[in-house]
Structure formats: structure tokens, C-alpha cells
Amino acid sequence: MSAPAPSMHSAAAKTRAEKLGLRLERANLDEFADTLLALARTDANVVAVTSDSRGSGKLGPFGQQHPKQIVEMGIAEQNLVGVAAGLASAGKIVFAVSPACFLTARALEQIKNDVAYSDNPVVLVGISAGVSYGALGSTHHSLHDFAVLRAIHNVAIVAPADNFETREAVRLAAVAETPVYLRFGKAPLYRLPSAGTFELGRARLLRPGSDAAFVATGETVIHALLAADFLKERNGIECRVLSVPSIRPLDTGAVLDAARTCRALVTVEEHSVHGGLGEACAALIAEAGLARRFGIAGLPDEDTVTGSQAEIFRHYGLTMEGLAEKMTGLMSR
Amino acid sequence: MREERELILKSLRYRKELLRVIKNAGAGHTGGDLSCIDILNVLYNRILRVSPKTFSDPNRDRYVQSKGHCVEALYVVLADRGFFPAEELETVCRHGSAFVGHPTRKVPGVEQNTGALGHGLPLCTGMAIAGKLDGAPYRVFTLLGDGELAEGSNWEAAMAAAHYGLDNLTAIVDCNTLQISGHTADVMNSEPLEAKWASFGWAVRRVPGHDFGALIGALEHPLEKGKPSVVVANTTKGKGISFMENVAKWHHGVPNDDEYARAIAELDAAISALEGVPA
Ligand SMILES: Cc1ncc(C[n+]2csc(CCOP(=O)(O)OP(=O)(O)O)c2C)c(N)n1
Ligand SMILES: [Mg+2]
């Protein structure tokens with residue numbers, strides 16, 4: 001009777017993930033909540049601020065175990081961010097947790113002035129980001145968050161691709177001296193191959209290659225990795241894959257190296273094609289004077305189709321198959 | 001009495017239909033749909049001067065559902081009023097459908113796109129100011145959640161609506177005392193509502209929110225000349241399904257097969273009981 005929840009990956013993509021030895025882990029949101037709970041346990045200064053978002057942020061156990069370290073603001077995102085900035089100014093380690101769509105749109109001025117400009121090191125946690133809310137529609141999508149935050153000085157923008165990147169990002173954000181925006185989805189994710197330590201401003205090389213490159217961020221990275229493997233097998237293309245958890249600071253060296261070495265470069269993100277990782281890379285590459293075959297995979301500039309997150313990804317080609325197609329199209333042009 | 005009975009029956013049927021839509025879509029805001037469906041019933045069947053034929057008439061009454069998450073209730077009532085064929089409800093939340101899980105103008109009869117809370121009252125304030133500027137006869141209505149009232153935009157609009165003496169504007173608060181995380185009184189208390197709205201310059205009436213007579217009485221005419229009206233409807237979240245009433249988790253709970261069958265059985269029993277009573 002109910003529509004079966006469509007999977008994020010085709011059967012072929014799942015088989016390929018298995019072949020690569022990738023294991024399905026939990027949602028980044030769950031990893032975030034547990035990491036934050038662990039931090040709160042050892043540091044009473046850690047405070048979570050919520051906007052009727054405790055359940056959506058998986059902070060139920062946090063609230064039960066540390067009732068004095070959670071501040072509920074009700075459905076009031078502007079107040080959430082303003083209050084978070086005030087708490088941070090008074091020495092608290094503040095995680096302001098709210099759906100990414102509302103946090104980065106409704107409270108944008110508070111982010112710009114009270115957090116970024118006034119340099120209050122709040123950790124802004126955008127939950128159920130991108131198109132995680134699926135058929136709830138455009139009010140609930142955050143396809144603008146990278147764009148608006150990139151235009152505001154002094155906020156690190158971080159979109160972890162798996163549970164490892166999430167854990168590391170949360171720990172780094174807690175000790176950061178400037179504001180950080182973290183962005184999480186709620187779908188279970190594959191654990192990506194290990195690729196060294198996690199640092200802000202450092203891309204992670206998940207797969208070497210010098211024919212083509214995927215430069216991907218957040219929860220689309222897995223699709224790029226599978227596409228690269230698929231392209232090797234089907235077309236003999238050696239495709240580099242960079243996971244770029246931090247869009248700011250951006251690992252300009254890694255992006256430029258990929259652009260210099262590879263014939264074609266495709267960026268991938270769960271964001272509008274405008275103003276995100278893709279345009280950041282495009283500007284970087286153009287300013288370096290490099291002319292490359294270049295494509296941006298993301299959500300096009302249109303009213304987003306109705307559907308679950310998986311259906312939306314499939315609709316716009318943010319899948320192994322879709323990305324492989326985009327890359328071969330670009331290379332044969 | 002006859003009129004009351006007709007509305008009660010209609011609401012029972014709406015409840016069945018919205019549960020069916022939620023079950024079919026695998027998603028929905030069940031608790032809040034059930035708390036506001038009687039209000040929507042009264043609005044669309046007794047108060048609003050709007051129909052599929054007059055929907056593009058500049059003088060039509062306007063309704064904006066600010067608590068947009070309870071979209072299933074709105075879609076069901078619009079289908080019943082003939083804005084689109086009821087079969088289209090099968091596509092709610094499906095890939096490629098116009099029926100998004102929050103009100104969208106892609107669906108005939110929907111005035112404004114909502115879903116982010118705290119937008120309906122400012123929008124309606126603008127519509128009501130336009131009505132005054134044009135000397136137009138229409139009224140403007142919006143439905144707010146009690147949790148939603150924490151959004152500051154509501155109070156900015158409340159101040160403006162009173163400032164401009166918008167007696168063509170009526171806000172209805174679906175005061176079911178719950179929001180996602182639990183009781184509104186615990187999450188972020190919005191009471192005392194009468195005192196708050198009155199101090200902002202509004203005419204206020206609190207009514208039992210599932211009492212058709214009381215709702216009609218409060219909504220039929222503006223409460224006071226020269227002031228915007230607010231009707232605080234004391235409702236029950238999950239109203240009409242015994243095991244959903246006043247239970248926070250039904251905010252966006254989707255019934256499993258067994259729960260669905262039990263819910264429909266309760267509504268069917270209520271319908272039979274009512275139909276057995278001579279009018
Ligand atoms: C700006 C904004 N913040 C958060 C949400 C998420 N949200 C959807 S419904 C809801 C609770 C609403 O409670 P209430 O207004 O009391 O509505 P009801 O009880 O009638 O469902 C929340 C927080 C939202 N839709 N919009
Ligand atoms: Mg409520």
C-alpha cells in the first residue's frame with residue numbers, strides 16, 4: 001500500500017560498493033549526536049541549542065543525560081542563532097542544531113552579524129540538509145546554504161561524506177576558534193576508504209587517477225567513488241576522486257592539481273549548481289588560467305522535482321550511473 | 001442541529017480520507033491534521049466565499065495555511081470542494097507529483113506556498129492591506145499552530161495588522177497544546193494567548209475547537225470593527241482516533257497496517273452511530 005522507500009543506490013551500485021569492500025554505516029546525523037554526547041560528558045561547557053529540533057537532531061539521549069546542557073528555544077530559528085552567539089560570547093561551546101533549510105535561511109542575518117561578523121565561534125549544525133526531507137518539498141530543502149555562507153566571511157563550511165568525516169568534523173568544530181557550519185543528512189551512508197587524517201581545508205584523496213577527476217562533497221561522494229570504479233571497468237578511464245569535506249577553507253592545491261593533471265573534472269554536491277563547490281572550483285580553475293573540460297553536478301536551477309531524496313538524486317543524475325554518464329559526455333565532447 | 005450533524009459526518013469522512021492519504025503516501029502530519037480538520041471543514045463549507053469557479057476572482061476570500069505541515073487536511077478538503085479530482089490524492093508525495101508534502105500553488109485551490117512556519121500571518125497581512133487599499137470586500141484567514149507562535153514573524157505581523165486596523169483579517173490558532181518535542185507549555189510557552197493578542201491590539205475569542213457552532217459563531221463575521229480578529233481554537237492533537245489523541249509522537253507518525261485498520265474502524269463506528277440517529 002505505502003510506496004516502498006526507494007534506495008539511494010541501484011542494485012548495480014550496491015554490488016559495486018560490496019566489490020570495493022565498503023560497509024554501510026549509519027546516518028551522519030546519528031554519528032553527530034553520539035559524538036556531541038561524548039563531548040558533553042567530558043565538558044560541561046558544551047551546550048546544544050535547539051528549536052523544537054531535539055528529536056530531528058537525535059538529541060533525545062543528550063537532553064536526558066545532560067538536561068542542563070541543552071537550551072530549547074521553541075520554533076524560533078532567529079532566536080536560536082542569536083542566543084547561541086550570546087552563549088558563545090560568554091564562553092560556552094555552542095552547537096546550534098536546527099534543520100539546515102531554516103537555520104541558514106531564516107536565521108541568515110543572525111549568522112552574518114551575530115556569529116560571523118562578531119566572531120562568536122558558534123557551531124551551526126544544519127540537520128536533514130540538502131534534499132533529505134524529500135517530498136516535503138522546497139521549503140524544506142537546503143540547496144542554498146553553501147552559496148549564502150560562502151558569501152559571508154568567517155564561517156567554515158563543512159559537509160562530511162561519511163561517519164568518519166562527521167566524527168572528526170564535530171570534534172574539530174568544538175575546539176575551533178571561529179564559526180563553523182556543519183551539514184548532515186539522515187540517510188545511512190557507506191564508510192569511505194580511509195585516506196589519512198581529517199583536517200579542515202584538506203581534501204581527501206579516495207582514489208588516484210589522472211584521466212579525469214570527481215571533486216565531490218558531502219553525501220554525494222559515495223556516488224562519485226562508485227562512478228569512478230564503474231568508468232574504469234567500462235571505459236578504462238582512470239578517475240581520481242577527491243572528497244572535499246570543507247568547502248571553506250577549500251583545498252585549492254588539491255583542486256588545482258586535479259585540474260592540471262586530468263583532462264576533465266566534474267564537481268558533485270547536494271546543492272544548487274549555483275554558488276556551491278562547483279562554482280568555487282570553477283572560479284579557482286579559471287583564475288589559475290587553466291582551460292579544462294568542466295562540469296557541475298548538483299541540483300539544477302529549477303523548481304526541484306517532488307520525490308524522496310533517492311528519487312531526486314536519480315532524477316538529476318546524482319548517482320553512480322548519472323555521474324558516469326556526465327563524465328563520459330564531458331570527455332567525448 | 002441538522003447542519004451540525006452534516007458537518008460532523010463530513011469531518012468523520014475527511015478524517016478517514018486524510019488517514020488514507022497519509023497511509024498511501026507513507027508520510028504526513030497526522031496529529032495536526034486531525035486537530036485542524038474541523039476548522040478547515042467550517043472554513044471551506046461555511047465561511048470562505050471561494051470555489052473552483054471563483055478562485056481567480058480578485059474578490060474571493062483567501063485562506064493561507066501557515067501550519068503548512070498539515071497539508072493532507074487541506075488537500076482532502078480542497079478535493080471535496082471540487083478544486084481537483086480526488087484521484088489525484090493518490091500521488092501525494094510521489095515522484096514527479098504536483099502534490100508536494102506542504103501546500104503548493106501547483107495544486108488548484110492553494111493560495112500560497114507554505115511549510116516553513118511563521119509565514120502565513122505576514123502574507124495575510126499583506127493581502128488584507130491590499131483589500132483595504134482596493135476597498136475590496138474579501139476577508140483573509142490564516143491557520144497557525146500554537147508551537148508556531150514562537151516564530152517572531154508572527155508578532156511582527158500582529159503588530160502591523162493592528163496598526164493598520166485590518167478587520168478583514170482573521171487568524172485562527174490551532175491550539176492543540178503540543179508540538180514536535182512535546183507540550184508547548186514545556187518547549188516554549190506561548191500562553192497566555194488572549195492577553196498577548198489583546199495587548200497587540202487584536203480582538204480575541206477562545207472557542208472549543210471541535211465545536212462547529214462555536215467555530216462558525218467566531219468566524220462568521222470579524223469580531224470587532226477596526227481590529228484584526230484572532231480565534232484561539234482549543235483543539236486536541238490526534239482528535240477522533242483514541243490512541244492518537246494528545247500523543248506527541250503522532251505529530252508525524254504514519255499508522256502501520258494494524259493502527260490504520262483500528263483508526264478506520266473507530267471512524268466507521270462513529271459514522272454508523274451518527275447515521276443511525278434520525279436527523
Ligand atoms: C520555520 C520552521 N521551523 C521548523 C519547522 C519544523 N516543524 C514542522 S511542524 C513543527 C511543529 C509545529 O507545532 P505546532 O505549530 O504546534 O503545530 P501542530 O501542533 O498543529 O502540528 C515544526 C517544528 C518548520 N516547518 N518551519
Ligand atoms: Mg500544536
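The values are calculated or read from the model by the stated rules, or taken from the named source; none is laboratory data. In this text, all values refer to a predicted model and were calculated from it rather than measured experimentally. We place every Cβ from the backbone using ideal geometry, glycine too, and count neighbours over all the protein chains shown. These area figures cover heavy atoms from the full protein model, side chains too; ligands, DNA and RNA do not enter into them. Shrake-Rupley method; radii C 1.70, N 1.55, O 1.52, S 1.80 Å.
A few comments on the model shown:
- Scanning the stretch A:17-42 for residues that are of a type outside the set (Lys, Arg), over 19 Å from the mean Cα position of the chain (by Cα) and either in a loop (DSSP other than H, G, I, E, B) or within 16 Å of ligand 1 (Cβ to nearest atom) (or both) turns up A:Leu20, A:Gly21, A:Leu22.
- Count - residues of the stretch A:137-165 that are open to solvent by less than 10 Å² (accessible area, probe 1.4 Å) and among the aromatic types (Phe, Trp, Tyr): 1
- Within the stretch A:296-322, residues that are within 18 Å of A:Ser10 (Cα to Cα) have Cβ atoms under 8 Å from residues that are modelled with pLDDT under 95 and polar (S, T, N, Q) in these pairs: A:Ala310/A:Ser7, counting only partners at least 6 apart in sequence or on another chain.
- Matching residues in the stretch B:56-70 - criterion: being in contact (Cβ under 8 Å) with a residue 24 or more places away in the chain and open to solvent by 50 Å² or more (accessible area, probe 1.4 Å): B:Pro58, B:Asn59
- For the stretch A:160-186, filtering for residues that are over 21 Å from A:Gln110 (Cβ atoms) and within 14 Å of the chain's Cα centre (by Cα) leaves 13.
- Output for the stretch B:93-122, where each listed residue is closer than 9 Å to A:Thr306 by Cα and either more than 16 Å from ligand 1 (Cβ to nearest atom) or open to solvent by 10 Å² or more (accessible area, probe 1.4 Å) (or both): B:Cys93, B:Arg94, B:His95, B:Gly96, B:Ser97, B:Ala98, B:Phe99, B:Val100
Matching residues to (1) open to solvent by 10 Å² or more (accessible area, probe 1.4 Å); (2) more than 22 Å from A:Ala12 (Cα to Cα):
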position	(1), (2)
A:Ala213	no, no
A:Ala227	no, no
A:Arg240	yes, no
A:Asp251	yes, yes
A:Val255	no, yes
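- Looking across the stretch B:48-71 at every residue that is outside any loop (DSSP other than H, G, I, E, B) and within 16 Å of ligand 2 (Cβ to nearest atom), the one that is farthest from B:Lys237 (Cα to Cα) is identified as B:Gln65.
- Residue in the stretch B:249-262 that is in contact with a strand residue (DSSP E or B) (Cβ under 8 Å, 6 or more places away or on another chain) and open to solvent by less than 40 Å² (accessible area, probe 1.4 Å) present: yes
- Subset of the stretch A:158-196 (residues that are among the small types (Gly, Ala, Ser) and under 9 Å from A:Asn28 (Cα atoms)): A:Ala161, A:Gly185, A:Ala187
- Near pairs, Cβ below 7 angstrom, 6+ apart or cross-chain, from the stretch B:12-36 (assigned to a helix (DSSP H, G or I)) to any residue that is modelled with pLDDT under 95: B:Lys23/A:Met1; B:Lys23/A:Ser2; B:Asn24/A:Met1; B:Asn24/A:Ser2
- Note on the stretch B:74-92: residues that are within 14 Å of another protein chain (Cβ to nearest Cβ) and either open to solvent by less than 10 Å² (accessible area, probe 1.4 Å) or at pLDDT below 95 (or both) total 4.
- For the stretch A:53-106, a residue qualifies if it is among the aromatic types (Phe, Trp, Tyr) and closer than 20 Å to A:Leu172 by Cβ, and the qualifying residues are A:Phe62, A:Phe95.
- Restricting attention to the stretch B:154-196, the residues that are within 13 Å of another protein chain (Cβ to nearest Cβ), closer than 17 Å to B:Pro228 by Cβ and either open to solvent by 10 Å² or more (accessible area, probe 1.4 Å) or more than 16 Å from ligand 2 (Cβ to nearest atom) (or both) add up to 2.
- Test: residue in the stretch A:32-41 that is within 12 Å of another protein chain (Cβ to nearest Cβ), among the polar types (S, T, N, Q) and either closer than 19 Å to A:Asn120 by Cβ or open to solvent by less than 50 Å² (accessible area, probe 1.4 Å) (or both): no
- Filter pass, B:Glu224 being surrounded by fewer than 16 Cβ atoms within 10 Å (Cβ to Cβ) and closer than 30 Å to B:Arg2 by Cα: yes
- Residues satisfying the stated conditions in the stretch B:132-153, i.e. in contact (Cβ under 8 Å) with a residue 60 or more places away in the chain and either open to solvent by less than 10 Å² (accessible area, probe 1.4 Å) or within 11 Å of chain A (Cβ to nearest Cβ) (or both): B:Val140, B:Phe141, B:Thr142, B:Leu143, B:Leu144, B:Gly145, B:Glu148
- So A:Leu87, is it in the same structural domain as A:Leu149 (by TED's automatic domain parsing) and farther than 23 Å from B:Ser66 by Cβ: yes
- A:Phe62 vs. criteria farther than 26 Å from B:Ala248 by Cβ and either without any contact (Cβ under 8 Å) to a residue 60 or more places away in the chain or in contact with a Lys or Arg (Cβ under 9 Å, 6 or more places away or on another chain) (or both): no
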